[in-house]
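Values quoted throughout were computed directly from the atomic coordinates according to the rules given, and no laboratory measurement underlies them. Quick caveat: nothing in here was measured; it's all calculated off a predicted structure. All Cβ positions, even for glycine, are placed from backbone atoms using ideal geometry, and neighbour counts span all protein chains on display.
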Amino acid sequence: MTDLNTTTPHRLTPTAASAIRSDLLAGITVFLIALPLCLGIAAASGVKPFAGILAGVIGGLVVALLSGSRLSVSGPAAGLVVIVVQALATLGSFSAFLTALILAGLLQCIGGLLRAGRLASYVPIPVINGMLASIGILLIINQLPTAVGFANGLISIGVAALSLISLGLLIAWDSPTLRRLRVVRAIPGPLAVVLLGIAVTAVAGWLAPGAMPSLPTVSMPPLGSWDALGAALTFPDLTQWTNPAVWRVAAIIAIVASLETLLSLEALEQLDPSHRKTPPNRELLAQGVGNTLGGLLGALPITAVVVRSATNLHAGARSRLACMTHGAILLVATLALTGVISLIPLASLAAILIYTGYKLAKPQLFISMGRAGYAQLVPFVGTIAGVLLTDLLIGIAIGFALSVVLMIEQNSRRVLTFTRHGAYHLLTIRKSASFLSTPQLKSYLEQIPPGATLILDAARADHIDHDIHQVIGQFALRAQENGVRMEYKDWPAK
């Protein structure tokens, strides 16, 4: 007799099991890319390797849980390396920088609560491209000394050779020819470079132990115990919160990290076949929590990142589980494989970041901006020049100001049209005519000869500024002396 109280054990449906399997495999794939990037960004920033790993872990476990995106991956971004390097030089310590990072995270949280996520859409594309290109240029410049092993005025031939080989491998790895091979598609290019570097370090240490100092590697302390893990953490100097320089760094991090995050989400939406949208305000809040936590524990700044997010998508991720898997594996691997990580040459990481910088500032970008016309090229070049000569925040402000000026200039030119038919001259005013149109108006009025007829057509004008009325009035007084006859069509009263 069947016991009616007996329950059938719950089992996952084939569809649910398949989704979990896809997420786990995608998480592993993202981890393979994230590990070398986290280490490389930390090395380029001049901080402990664990600071980069910790940023990846927080991005994978905390931000992914709070984010409204199922597929985006957050972690340390190469685009913020320049900011970190400049901030450390300005503030003098990593602990002071962490205070700035906490404030930046709080600013992002406030932005999310105030529904400021849509503000990024108002930043002109030339300014965004200029910001990314300038970051790429600075990234290459900053990594060149490490890539050639520059020390005491000398260049290490061995380090430079390894960097060149690594760069060549990265370029070849992305070529259509090699991408046809299954092994190339299965192993990310950065991981291949790291594996090559570990092999070179191991062979060099075995054949010529004395050559090891000439091949600097990642300095990763053992993290096999809670005491060691606690010692690896760096905590903020909260007494620095009243320092104006700290607030300036915080503002730069909040703005650039938010921009990069929102742009990454837009790019991911275009790549996603389902075009799933992410709530921008919720994302700002999630990123703010992540950066606040990162500042408290000693991590690098966190943003949503395009390469890891796109890899997650292409690897078959279906939910946040994939990103959280990558974060968990990143933490476990760091604790268990510190000996292997310490074999990674800094030259290999420098090559990865130089290639990343090249992709941010690739020549095709400059060519496309040039072909787009001066209204796109000028803010693009202005942003790059501003960033290279001053800093990121001022450079963005310069590019934005140039975009606004050019937009106003172009719109003001479309307000007035001037045509001539024999002795008749037609001056048409469209939209809103403000003081910005007065130079063009005066230029047109100067072309009207004595004895001609001027027709002023304001039928399609929304508003005519006082300055325009004044210029027309002054011309009308002179017109009587020169025999110019004036006709008004739908001309508003002053």
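Within the set of other residues whose C-beta is less than 12 Å from the C-beta of T261, count the net charge using Lys and Arg as +1 and Asp and Glu as -1. Result for the neighbourhood of T261: -2. The length gained by stretching the chain between S93 and L271 to full extension, at 0.36 nm per residue less their Cα-Cα distance, is 60.1 nm.
Counting only DSSP beta bridges whose two residues both lie in the chain, roughly 45 percent are antiparallel.
Run through the stretch 52-118 and list the trypsin sites (Lys or Arg not before Pro) located in a DSSP loop whose Cβ has at most 15 other Cβ atoms within 10 Å.
Details: sites: R70, R115, R118; in loops: R70, R115.
Answer by residue number: R115.
Applying 1/(1 + (r/R0)^6) with r as the Cβ-Cβ distance of S219 and A172 and R0 = 30 angstrom yields a FRET efficiency of 0.50.
The alpha carbons of the stretch 73-144 stretch over 39, 32, 24 Å along the principal axes, in descending order. With the charge dipole of the chain set up from +1 on Lys and Arg Cβ and -1 on Asp and Glu Cβ about the Cα centre, the Cα lying farthest toward the positive end among the listed residues S166, H463, Y355 is that of H463.
For the chain, the mean residue ellipticity at 222 nm estimated from helices alone is -20500 deg cm²/dmol, where every DSSP H run of n ≥ 4 contributes -39500 (n - 2.57) and the total is divided by all residues, rounded to the nearest 500.
Against the chain, whose longest principal axis comes from its Cα atoms, helix 392-413 is set at around 30 degrees.
Where in the stretch 334-436 are there trypsin sites (Lys or Arg not before Pro) that are in a DSSP coil and have at most 11 other Cβ atoms within 10 angstrom of their Cβ? Intermediate results must be reported in sequence, preceding the final value.
Numbers: sites: K359, R371, R413, R414, R420, R430, K431; in loops: R414.
Hits after loop and neighbour filter: R414.
When the chain is fully extended, how far beyond the present Cα-Cα distance does L24 get from D467, taking 0.36 nm per residue of separation? Using 0.36 nm per residue and subtracting the Cα-Cα distance, I get 152.8 nm. Among the trypsin sites (Lys or Arg not before Pro) in the stretch 136-243, those located in a DSSP loop and surrounded by at most 10 other Cβ atoms within 10 Å of their own Cβ are R180. Note that the stretch 414-489, at 10 °C in a medium of 1.306 mPa s, gets a Stokes-Einstein diffusion coefficient of 128 µm²/s from its Kirkwood radius over C-alpha pairs. For L164 and R185, a Förster radius of 22 Å and the Cβ-Cβ distance give a FRET efficiency of 0.35, rounded to the nearest 0.05.
For the chain, the calculated P(r) over all alpha carbon pairs, in 10 Å bins from 0 to the bin holding the longest distance, is 4, 16, 23, 20, 12, 9, 8, 5, 2, 1, 0, 0 percent. Using Cβ point charges alone (K and R +1, D and E -1), the dipole size of the chain about the Cα centre works out to roughly 980 debye. Its Cα centre serving as origin, the stretch 198-332 has a Cβ charge dipole (Lys and Arg +1, Asp and Glu -1) of approximately 260 debye.
Where Lys and Arg each count +1 and Asp and Glu each count -1, what net charge lies around I128 among other residues with Cβ under 12 Å from its Cβ? Intermediate values should be presented prior to the final figure.
Numbers: positive: none; negative: E260, E266.
Around I128, the surrounding residues sum to -2.
Compare the peptides 291-297, 271-277, 217-223 by average per-residue count of other Cβ atoms within 10 angstrom and give them in order, highest first.
291-297, 217-223, 271-277
Counting lysine pairs in the chain whose alpha carbons fall under 24 angstrom apart, excluding pairs fewer than 8 residues apart on the same chain, gives 5.
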